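So the structure is just underneath, and the comments pick up after that.
Values in this text are rule-based calculations from the coordinates and carry no lab data. It should be emphasised that the depicted structure is a prediction, and the values quoted were computed from it without experimental measurement. FYI the Cβ positions are ideal-geometry reconstructions off the backbone, even for glycines, and counts take in every protein chain you see.
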Amino acid sequence: MQTFVLRVVVDTEEDIFRDIEVAANQNFEDLHDAIVHAFDFAGDQMASFYMSNDQWEKGKEIGLMDVSHFEGDTSFPSMKNTLISEEVSEKNQKILYVYDFLKMWIFYVEVVQINEINPEITYPAIVREFGESPDENSKEIDDLLAGIDLGGKKDEFDDDFDDDYDDDFDDDDPFGEFEDSYDEY
């Protein structure tokens with residue numbers, strides 16, 4: 001059985017990459033987990049792989065979330081149900097990996113080597129690291145209202161939003177305020 005050594009380059013000003021070796025019979029979710037681990041990200045955001053061409057254009061999407069249970073939607077495969085060997089087969093093949101669709105962390109993934117599996121190695125394996133991982137929270141989410149014409153009412157919109165925000169909301173226990181309502185039944 002084969003393994004693929006994938007060079008994963010994060011889109012930053014600095015040169016930062018990881019080489020990850022993955023077995024052909026592993027799935028894209030295993031690769032997703034390996035990338036998140038290799039770059040010290042939390043792994044709590046949505047992500048997708050996009051099969052690509054030499055110009056790094058997005059092709060077929062392989063998403064983290066399985067949407068097939070939504071009325072039989074099979075518009076794109078899930079990472080869990082797609083083996084590496086189903087999509088990857090040759091050296092220099094390119095894949096885009098997008099993590100966190102708000103902050104848009106983009107990783108360029110390329111097959112740099114094909115090997116035979118080594119039974120003494122647990123895959124996926126980080127086989128080379130270059131550069132210090134970026135802080136996952138270092139990217140700012142662009143102003144989501146940028147480019148939207150609010151007719152000069154952006155400040156009024158912001159004020160309205162601030163007024164509607166409930167300062168008493170407890171993020172740690174979102175159901176805490178409803179506990180008493182169960183006592184009635």
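Across the stretch 56-61, coupling constants 3J(HN,Hα) worked out from phi with the 6.51/-1.76/1.60 Karplus curve, θ = phi - 60°, read 6, 8, 5, x, 3, 9 Hz, and Gly and Pro carry x. Other residues lying with their Cβ under 15 Å from the Cβ of residue 52 contribute a combined charge of -2, Lys and Arg counting +1, Asp and Glu -1.
Using the Karplus relation 6.51 cos²θ - 1.76 cosθ + 1.60 with θ = phi - 60°, the per-residue 3J(HN,Hα) values for the stretch 16-31 come to 9, 8, 10, 9, 10, 9, 10, 6, 4, 8, 8, 9, 5, 5, 4, 5 Hz, with x marking Gly and Pro. With the biggest extent put first, the Cα atoms of the stretch 9-69 measure 40, 28, 24 Å across the principal axes. For the stretch 2-138, the equivalent ellipsoid derived from the Cα gyration tensor has semi-axes of 21, 19, 14 Å, listed largest first.
Taking Lys and Arg as +1 and Asp and Glu as -1, the other residues whose beta-carbon sits under 11 Å from that of residue 23 total -3. Extension gain for residue 61-residue 103 works out to 13.3 nm (0.36 nm per residue, less the C-alpha to C-alpha distance).
Normalised by 2.2 N^0.38 Å, where N counts its residues, the alpha-carbon radius of gyration of the stretch 78-140 equals 1.37. Please list, in order, the residues from the stretch 1-39 whose amide nitrogen is less than 16 Å from a point placed 7 Å along the Cα→Cβ vector of residue 122. Correct set: 21-23, 30-31, 33-35, 37-38. Ranked for footprinting exposure by Cβ neighbours inside 10 Å, fewest first, 31, 102, 96 give 102, 96, 31.
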